[in-house]
1. Hey, which aspartates and glutamates would be in cross-link range of A:Lys207, C-alpha to C-alpha under 20 Å, not counting anything within fewer than 8 residues on its own chain?
2. Under 20 Å between alpha carbons, and skipping anything fewer than 8 positions from B:Lys18 in its own chain: which lysines qualify?
3. Under a 5 Å amide H to amide H cut-off, with H placed in plane at 1.01 Å, what residues pair with A:Leu135 once short-range neighbours are removed?
4. Go through region B:148-156 residue by residue and turn each phi into a ³J(HN,Hα) via Karplus (6.51, -1.76, 1.60, θ = phi - 60°); whole Hz please, and just put x for glycine and proline.
5. Output ³J(HN,Hα) for region A:80-94: one whole-Hz value per residue in order, computed from phi by the Karplus curve 6.51 cos²θ - 1.76 cosθ + 1.60 with θ = phi - 60°, and x for Gly and Pro.
6. Once ligands and nucleic acids are excluded and a 1.4 Å probe is used, how much of B:Met32 is accessible, expressed in Å² to the nearest 10?
7. Taking θ as phi - 60°, what are the ³J(HN,Hα) couplings along region B:28-39 by the Karplus curve (6.51, -1.76, 1.60), each to the nearest whole Hz, with x for Gly and Pro?
8. Roughly how many percent of the accessible protein surface of the protein assembly as shown is carbon and sulfur, given a 1.4 Å probe and a whole-percent answer?
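The values are calculated or read from the model by the stated rules, or taken from the named source; none is laboratory data. These numbers come from a predicted model, not from an experiment. Quick reminder, even Gly has a Cβ in these numbers, built from the backbone with ideal geometry, and neighbours come from all protein chains shown. Protein only, heavy atoms only, side chains kept; ligands, DNA and RNA dropped before computing areas. Shrake-Rupley method; radii C 1.70, N 1.55, O 1.52, S 1.80 Å.
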Amino acid sequence: MTKMSTTIAGVHFKNPIIMASGTFGFGREYGKLYDVSLLGGISGKGLTLHPKAGNPGTRVYETASGMLNSVGLENPGVGAFLEKECPYWETLDTARLVNLGGGTLEDYVLGAEMIQRDADLRSSLGKTAVDMIELNISCPNVKEGGIAFGIKTSEAQKVVQAVRRATKLPLAVKLSPGAENIVEMAQMCQEEGADAVSLINTISGMKIDVRRRSSVFNNLYAGLSGPAIKPVALRMVHQVAQNISIPVIGMGGITTATDIIEFIMAGAAVIQVGTYNFMNLRAGSQLVEELEQFMVQENIQSLDEIRGII
Amino acid sequence: MGMVLSNDRLTDGVYHLKVETNSGGKMGQFYMLRAWGAYPILSRPLSIHEVNEDSIEFLYHVVGEGTEIFSRLTSGDSVELEGPFGTGFPQVEGKVALIGGGIGIAPLYYCAKQLPGCDIYLGFSREAYRTEAFRPFANELTVDVGGFILDRVDFSQYDHVFVCGPHPMLKAAQLKGIAAEEAGSRTKVYLSLENRMACGIGACLVCSVSCRDGQRKACADGPVFLAEEVIFHD
């Protein structure tokens, strides 16, 4: 019998496969294609305190083995999420991560407080819709906040500290590969009381339309994801996992069961799957099956056997 | 997974693909197709051209790497297809005009079969294709090459106008709809938008459309929208 489960800050993940924020909506859409409760977890579309229309112009462009996106955190806002999506999330038997972004420190805090109040209220009714907050200080596609908080450890510290005070929910901090020092950033998160770090967010990139003589994106730069970034992500997960004691949620270009195993061997507790959801709409359910088969074939009884062995 | 039954070249860069599947679909809906492994990353949305009991037909124009790969498919090849997705054209009653520009004629053929007796306007910039297939279902068939097909249509004569074509054409159709309404007509104009998509099911928000009531998704709320709802930015 293979053991794929892991627990992070009291949150049970039945398998290590979490669907990454921004690629999975709030789960409903994929729920029409397969049972999302098969998954270890889902991380919802990145939320900001107030609704956000996102970026105008081209929002996606394909690259060699990757994809640039400039969606710009289009989302309905924390309030609409709590009201409209949480009743659905209550029905799911999977770990539910709410991904929280923000333009200002105050936005982050107010958003976290709203999520906490809602969690308290649901808890008093014997219900749960959100298991963990994934704090997004690393979105490269918004002009204010986002990546600005994700580069300098001292700036990130203010957000992590404030949000940690604002919520009792388990807290993961999603880190940017653009951080000046990714290990120092992760260590700061641990010191400030984060329960986990997740990495990596997309890598800032660019595409130029040579005929129009301009960037294809209104914001010039966009976030690169997909298989192209896997080696970078794996290296960063390895570096961070070596230097902190809280769990690492690894992500970046995962498309196969062996990719998952690589991340676990690099030290990830669990992993997230992002762009692959677009390449294969049934990625989640297929990867759960493939991972189990691979573990049986390789005689891996438990992910704990191989975690961080490199 | 579906098997290619045929993939015929109609004219320069335009192909008619038939794939074996029994998953059906409604007029104006689309499928996400891919015929490759990891690259290109994204599947391609193709609108339903025709639904048969055991197959779906698509009309597509080669514009990039994905459609280029589609153009090389031959009978017996496999394609991955997911769908049908999206909210298509409504089943309506009354006098209907179908207006297609270029490859925008693709979803209108199935509409024509569902709404026999409509007037059909097909416009092309260089060369017409597939026009005779529409004739059996048309009250009147108007084909224009090199001009502006919208100039041939009096919107006020219709209860419903369905339009699919390039972005400027959709915007112009919206303006014609507004003008007809201001002149006292009750014409409802529906536009089928062709936006870039990543997932095709409403999760990624890549295909977001600015509408009067906020941001909507071309893939899930559309691709068909009431013209009056859409805000065109350029």
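1. By straight Cα distance, A:Lys207 reaches A:Glu62, B:Glu65.
2. Qualifying lysines at Cα under 20 Å: B:Lys26, B:Lys113.
3. When sequence neighbours closer than 5 places are left aside, the close amide H contacts are A:Leu100, A:Ala172, A:Val173, A:Lys174.
4. Along region B:148-156, the couplings run 10, 4, 4, 5, 8, 10, 9, 4, 5 Hz.
5. 3J(HN,Hα) across region A:80-94, in whole Hz: 5, 4, 4, 6, 9, 9, 4, x, 6, 4, 4, 7, 8, 9, 7.
6. Counting only protein heavy atoms, B:Met32 exposes about 10 Å² to solvent.
7. x, 7, 9, 10, 9, 10, 8, 9, 8, x, 7, 10
8. Carbon plus sulfur share of accessible area: 48 percent.
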